[in-house]
1. Counting only residues that are in contact (Cβ under 8 Å) with a residue 12 or more places away in the chain and more than 21 Å from residue 108 (Cβ to Cβ), how many does segment 50-67 have?
2. State whether the residues of segment 68-82 include one that is under 30 Å from residue 148 (Cα atoms), surrounded by fewer than 17 Cβ atoms within 10 Å (Cβ to Cβ), without any contact (Cβ under 8 Å) to a residue 60 or more places away in the chain and not assigned by TED's automatic domain parsing to the domain that holds residue 156.
3. Taking segment 229-242 only, how many residues are surrounded by fewer than 17 Cβ atoms within 10 Å (Cβ to Cβ) and either at pLDDT below 95 or out of contact with any helix residue (DSSP H, G or I) (no Cβ under 6 Å at 6 or more places or on another chain) (or both)?
4. For segment 6-60, what are the residues that are assigned to a helix (DSSP H, G or I), modelled with pLDDT under 55 and in contact with a helix residue (DSSP H, G or I) (Cβ under 6 Å, 6 or more places away or on another chain)?
5. Scan segment 159-181 and tell me whether some residue there is in contact (Cβ under 8 Å) with a residue 12 or more places away in the chain, assigned by TED's automatic domain parsing to the domain that holds residue 125 and not in a helix (DSSP H, G or I).
């Protein structure tokens, strides 16, 4: 899943971890880092504290140890299988880990407990990426006046139609998104990718130029401009745009890879 969409999902749910698990949870307490031991000791003293359990999960998340973070969430869910917050945390971790199928299952469970619109937005986006037509029904539910998420719902529909190959229908949804909010950078980006997939590189470049007028520091716009210029045989322009993407996001792996394939060492 591309990084912008992961960001969209995570931003939609406004994550604030801070917790954790029992000292006997998913890992032995012998020979463990001091910070982890301190958290486990606190949980042993206050075993009913969800906040402390979240803190331990966050500790592993901060250290990029998603396997252990998810194991801690699973351990706590065995004790409290209908805890909305724990399912939300697990779903978010799986989304960040890019385990899409398991993330979908976790979001579905979270929504069964509480059909929060922000959770629905996350699930609808993942449905769209996996070509699941349930994305459309989720989007329809988000379009209800009381929810006030019409633009996000239209975006999900665009993602779905793009995933199943109906590029022009997807573009029409992204156009509607843009007409409702001209600053909606992701809609421009996805529209440009549709044109790119159709081989309409000049049309894609026009879209990307517009979004850069709205958001000058949009790294992905420069990356996709590089892709388009490369397809048009304009190597110099492609390199310049990949480099601009990297200036904005030094860890932009796709841009680094693109430059490497062109023989440019970073």
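The values are calculated or read from the model by the stated rules, or taken from the named source; none is laboratory data. Since we're looking at a predicted model, the values are computed, not measured. Because the Cβ atoms are built from the backbone with ideal geometry, glycine has one as well, and the counts that use them run over all protein chains shown.
1. The number of residues fulfilling the criteria is 11.
2. yes
3. Residues that pass the stated criteria total 5.
4. Across segment 6-60, the qualifying residues are 12, 13.
5. yes
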